[in-house]
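Student: Got a structure here, written out as structure tokens. Questions coming.
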Amino acid sequence: MDLEIYDKTDKGVSEKDQKLIRDVLNFAGSYIHLADNTEMSVTLVNNQEIHQINKKYRGVDRATDVISFAIEDQGDDDFPILMDEELEEEIPENIGDIFVSVDKVAEQADYLGHSFERELGFLVVHGFLHLNGYDHMKKSDADVMFPLQKEILNAYGLKR
């Protein structure tokens, strides 16, 4: 997977934590059988920035932990791009962008009584699954997404 990580936090996120993000997302990509040429990004921000993003794009006036922006969400008026299979395999598929509040990672890890690394892995996998069409707004969708999320984290080794 071609993964870009952007650190827009004040203090900076350690190389170790950025490696965790890369490793867990590459593992998750393999786990759900994504093509190797899949592209995405993770932007690490603070509460203030994610609050502004949440307000602007979701109409929610508060900080949140993770927000996903899927590129492949086709609207009713979108036209699919048709191409032959060989060309389609060569062109990378950008699935979108995830924004994670590092402040929320620390707050939630403390509140839930587990490590910063576990919470960071949980949030990036959660956002990653949203980019891949999984959701939890309806119970039937949550019954698919949440067990898969737990399965990926456990298989990777980030258990609660």
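What follows draws every value from the coordinates through simple rules; no lab data is involved. Worth saying up front: this structure is predicted, and the values here are computed from it rather than measured. All Cβ positions, glycine included, derive from the backbone under ideal geometry; neighbour counts span all protein chains shown.
Student: Angle, helix 15-31 long axis vs. longest principal axis of the chain, Cα atoms, 0 to 90°, nearest 10?
Tutor: Taking the Cα atoms of the chain, the angle to 15-31 is about 40 degrees.
Student: Still on this model: Report, by chain and number, residues whose modeled amide H sits under 5 Å from the one on Ile5, excluding near sequence neighbours (fewer than 5 apart, same chain).
Tutor: Amide H neighbours of Ile5, under 5 Å, 5+ apart: Val42.
Student: Oh, and also: If each DSSP helix of 4+ residues adds -39,500 (n - 2.57) and the sum is divided by the residues in the chain, what number results at 222 nm, nearest 500 deg cm²/dmol?
Tutor: Calculated from helices alone, the mean residue ellipticity at 222 nm is -16000 deg cm²/dmol.
Student: Suppose a student asked you for the relative contact order of the chain, using Cα pairs under 8 Å spaced at least 6 residues apart; what percent would you report?
Tutor: Over the chain, the number comes to 26 percent.
Student: Set the Förster distance to 25 Å, then compute FRET efficiency between Ser115 and Arg58 from the Cβ-Cβ distance, nearest 0.05.
Tutor: For Ser115 and Arg58, the calculated efficiency is 0.35.
Student: May I ask you to order 122-130, 22-30 by the average number of other C-beta atoms within 10 Å around their residues, highest value first?
Tutor: Result, highest mean Cβ count within 10 Å first: 122-130, 22-30.
Student: Something else: Would you mind checking the tilt of helix 102-112 against the longest principal axis of the Cα atoms of the chain, expressed as 0 to 90 degrees and rounded to 10?
Tutor: Tilt relative to the chain: about 60 degrees.
Student: Residue by residue, what Karplus-based ³J(HN,Hα) values in Hz, rounded to whole numbers, does region 138-146 have, using 6.51, -1.76 and 1.60 with θ = phi - 60° and x for Gly and Pro?
Tutor: The phi angles translate into 9, 4, 4, 6, 4, 5, 9, 5, 5 Hz.
Student: If the convex hull of the alpha-carbon atoms of region 2-156 is projected onto planes in all directions, what is the mean projected area in square nanometres?
Tutor: 10.4 nm²
Student: For an R0 of 35 angstrom, estimate the FRET efficiency from the Cβ-Cβ distance between Lys11 and Asn154 and round to the nearest 0.05.
Tutor: Working from the Cβ atoms, E equals 0.70.
Student: If you plug each phi of region 154-159 into the Karplus form 6.51 cos²θ - 1.76 cosθ + 1.60 with θ = phi - 60°, what whole-Hz ³J(HN,Hα) values come out, in order, with x for Gly and Pro?
Tutor: Using θ = phi - 60°, the values come out as 5, 5, 6, x, 9, 8 Hz.
Student: Just tell me which lysines come within less than 22 Å, Cα to Cα, of Lys104; anything on the same chain fewer than 8 places away is out.
Tutor: Answer for Lys104, where 22 Å is the Cα cut-off: Lys8, Lys11, Lys16, Lys19, Lys55, Lys56, Lys150, Lys159, listed by chain and number.
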